[in-house]
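Taken together, the values in this text are just the output of simple stated rules run on the coordinates, not laboratory data. Treat the numbers as computed from the prediction; the structure is a model and nothing was measured. A quick note on method: Cβ atoms are made from the backbone with ideal geometry, for glycine too, and the neighbour counts reach across all protein chains shown.
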Amino acid sequence: MFQSKIAGIGYYVPKNVYTNTDLTRFMDTSDEWIQERTGIKERRYADRIGETTTTMGVAAAKIAIERANIKNEDVDFIIFATLSPDYYFPGCAVLLQREMGMKEIGALDIRNQCSGFIYALSIADQFVKTGMYKNVLVVGAEKHSFALDFSTRGRAVSVIFGDGAGAVVVQPTTDSSHGILSTHLHSDGAEAEKLAMYYPGASSGIWLDSMPDWPDQELGGLLMTKEMLEDGTAFPYMDGQAVFKKAVVKFPEVIHEALLKNNLTTEDIDLLVPHQANLRISQFIQKTLGLRDDQVFNNIQKYGNTTAASIPIALCEAWEAGKIKEGDLICLAAFGAGFTWGSALIRW
Ligand SMILES: CC(C)(COP(=O)(O)OP(=O)(O)OC[C@H]1O[C@@H](n2cnc3c(N)ncnc32)[C@H](O)[C@@H]1OP(=O)(O)O)[C@@H](O)C(=O)NCCC(=O)NCCS
């Protein structure tokens, strides 16, 4: 068995900056409300035309591949995590394979929302550890801005999310003192509808009490109608308080699970890079775990919540800023829609 390591990392965020004050042009909100509840100051939105989840993923992947000192044709497997794919199908991984002129390698899309990157990294780790692949490209990318409700009705959701992409190359290493120590994945579908986008979907025949009022079911789940846009059911739905309550329990739980598995404690963590869901959630986790400020990295203030992209963007920024040194113990942790959550411990 090999151990796997992150050999290269990169990120890309679109050039278009939208501050909280910019959002007041579209909805009744304020910089004060957004900063107080979420910590977010601004986020990036992709160009409406020409910039997609795949193109952002490609931009991040190019940097990760270059830093791993390999060529596109050396990549032997692609894992792409996103909840905002360019098409309903096929997924973004094959679009990236085409765009980057890669060989006819396997290409897998992961649909685990905010935990998507941890799930993708865990899968890459398994393939590399067993010796099946030598260069696995893992991408997390999102273009949320195309499907948010920017009216006052949708403000509790739309102010939180931003666009961007991050990528890593996972390779085998024979140096057992470095690399991915373990990954831990979980789910609980009991509250799946508390953070969800129902359309387009095939569930029109199913009625769940927990779902908000929908328009006439006869419309069919696969159709997006004008009525759905008008009454808001076409947009993502989030029970923010339910998400918050569950996240602040599951984040610390899955971090402790990873530490326990490796006979380590919170004091051993050099840097925790949590999924950037909400600054209040990150601060709650930090307090629960008794971590110092220098042990936790947050950048949600600049980018909002970029879902599957948030961890690789934050990890890359922290690394570029010199906050991650060789031998450091890095903890990644995420929680999101599904609900799904997970963690990874890495000896850098
Ligand atoms: C979304 C979240 C910030 C909302 O905060 P909250 O304190 O729960 O706010 P509520 O939804 O109860 O709304 C409180 C009030 O603010 C208003 N409000 C909601 N969004 C607003 C906005 N963007 N600007 C101004 N006011 C807003 C609501 O309409 C409500 O007004 P009312 O009291 O007059 O009815 C919070 O629930 C949260 O952070 N949840 C976790 C979400 C998350 O992390 N998601 C990512 C998943 S990985």
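Estimated from helices alone, the mean residue ellipticity of the chain at 222 nm is -9000 deg cm²/dmol (sum of -39500 (n - 2.57) over DSSP H runs with n ≥ 4, per residue). Helix 53-67 axis versus longest C-alpha principal axis of the chain: approximately 10°, rounded to the nearest ten. Note the angle between two axes, namely the Cα long axis of helix 240-261 and the longest principal axis of the Cα atoms of the chain, as a number of degrees from 0 to 90, rounded to the nearest 10. The answer is roughly 10 degrees.
Listed by Cβ neighbour count within 10 Å, with the fewest neighbours leading, 319, 33, 348 appear as 33, 348, 319. Placing unit charges on the Cβ atoms of the charged side chains and taking the dipole of segment 38-144 about its Cα centre, the candidate lying farthest along the positive direction among 75, 93, 144 is 144. Around the Cα centre of the chain, unit charges on the Cβ atoms of Lys, Arg, Asp and Glu (plus for the first two, minus for the last two) sum to a dipole of about 680 debye. Across segment 77-96, the residues whose backbone nitrogen lies under 20 Å from the label position 7 Å along the beta-carbon direction of residue 111 are 78-96. Put the Cα centre of segment 12-67 next to the Cα centre of segment 281-309 and the gap is 18 Å.
Note: relative contact order over segment 3-173, using C-alpha pairs below 8 Å and six or more positions apart, is 36 percent.
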